[in-house]
1. Is it the case that region 104-120 has a residue that's crowded, with 16+ Cβ neighbours inside 10 Å, within 15 Å of residue 9 (Cβ to Cβ) and in contact (Cβ under 8 Å) with a residue 60 or more places away in the chain?
2. Out of curiosity, is residue 17 exposed (fewer than 14 other Cβ atoms within 10 Å of the Cβ), at positive phi and not β-branched (Val, Ile, Thr)?
3. Could you please find all residues in region 20-39 being within 19 Å of residue 104 (Cα to Cα) and either exposed (fewer than 14 other Cβ atoms within 10 Å of the Cβ) or among the hydroxyl-bearing types (Ser, Thr, Tyr) (or both)?
4. Which residue is nearest to residue 80 (Cα to Cα), if the candidates are limited to region 2-39 and must be charged (D, E, K, R) and part of a loop (DSSP other than H, G, I, E, B)?
5. Quick one: residue 5 ticks every box in (1) in contact (Cβ under 8 Å) with a residue 60 or more places away in the chain; (2) under 11 Å from the mean Cα position of the chain (by Cα) bar one, so which box is it?
6. What is the residue count in region 40-54 for residues that are in contact (Cβ under 8 Å) with a residue 12 or more places away in the chain and of a type outside the set (Phe, Trp, Tyr)?
7. If you scan region 40-75, which residues turn out to be surrounded by 13 or more Cβ atoms within 10 Å (Cβ to Cβ) and of a type in the set (Asp, Glu)?
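Each reported figure results from applying straightforward, stated rules to the coordinates on display, with no laboratory input. Because the structure is a prediction, the values reported are computed rather than measured. All Cβ positions, glycine included, derive from the backbone under ideal geometry; neighbour counts span all protein chains shown.
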Amino acid sequence: MPLSPRPLIAAWVDAFNRKDVEALAAMYSENAVNHQVAEAPVEGREAIRAMFAAGFAAAEMVCIVENLFEDGEWAILEWRDPLGLRGCGFFHVVNGHIAFQRGYWDKLTFLCQHGWPIPRD
């Protein structure tokens, strides 16, 4: 039986904190879209798998749940990390898989916390 949005995203957080790229990718539908608004949208399960693999290789990321809500086919996650970064994510879950995700977080704070250069356009 497919998971409803709230338990699916609770499992997503567990996989994220384990840095389990395969478990994360399996939670997305084949043609899912993950749009972190500070970045270009990532389309398709394989591209999302690669995005997570690159992200975990580049930075120490931890998701601490502050609130997790469910409304119909949607889960809403409010989170923070140990360094003080905060954000939220909206997950559209269809047939037990994430079909669409949109995340909001402060890219400048993330770059500064990790000592990375700030891009100048």
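1. Within region 104-120, none of the residues are crowded, with 16+ Cβ neighbours inside 10 Å, within 15 Å of residue 9 (Cβ to Cβ) and in contact (Cβ under 8 Å) with a residue 60 or more places away in the chain.
2. So residue 17 does not fit the description; no.
3. 28, 37, 39
4. Residue satisfying both the conditions and the ranking: 19.
5. All conditions pass for residue 5, except number (2).
6. 8
7. 43, 70, 73 - these are the residues of region 40-75 that are surrounded by 13 or more Cβ atoms within 10 Å (Cβ to Cβ) and of a type in the set (Asp, Glu).
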